[in-house]
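Worksheet: the structure to be examined is printed underneath.
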Amino acid sequence: MLRYYKLFDMLNRMDKNKSYLLEIISSKTIAKLSKGENVNTDIIEKICDFLGCQPGDIMEHVEKSIETTTGKEIEYADIR
């Protein structure tokens with residue numbers, strides 16, 4: 001699963017908030033990014049062009065796993 005916290009960290013370092021992205025994407029898409037939902041790669045490209053960055057600068061792959069003792073779903077960063 002992909003997480004976009006790096007995007008929001010980048011915006012914060014730029015002294016911008018999520019609404020800054022409204023110049024290029026819809027509020028519905030920003031909500032999807034905030035929830036870690038799937039977005040089209042065209043959206044990722046628009047964001048990267050707008051911010052002058054690479055996809056890895058705004059998103060990270062996080063692997064999901066099931067905790068064997070509790071059966072709860074957990075996430076951890078893929079550090080390969």
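Name the residue, out of D42, D78, D49, that is exposed (fewer than 12 other Cβ atoms within 10 Å of the Cβ), closer than 24 Å to R13 by Cβ, among the charged types (D, E, K, R) and at pLDDT 95 or above.
D49
Does Y5 meet the test of being open to solvent by 40 Å² or more (accessible area, probe 1.4 Å) and more than 20 Å from E63 (Cα to Cα)?
Answer is no for this residue.
Name the helices (runs of 4 or more DSSP H) wholly inside segment 1-54 in which the number of residues that are among the acidic types (D, E) is 1 or more.
Answer list for segment 1-54: 5-13, 41-51.
The values are calculated or read from the model by the stated rules, or taken from the named source; none is laboratory data. What you see is a predicted model, and the numbers here were worked out from it, not measured in a lab. Note: ideal-geometry Cβ built from the backbone for every residue, glycine included; neighbour counts use all protein chains shown. SASA here: full protein model, heavy atoms, side chains in, ligands and nucleic acids out. Shrake-Rupley method; radii C 1.70, N 1.55, O 1.52, S 1.80 Å.
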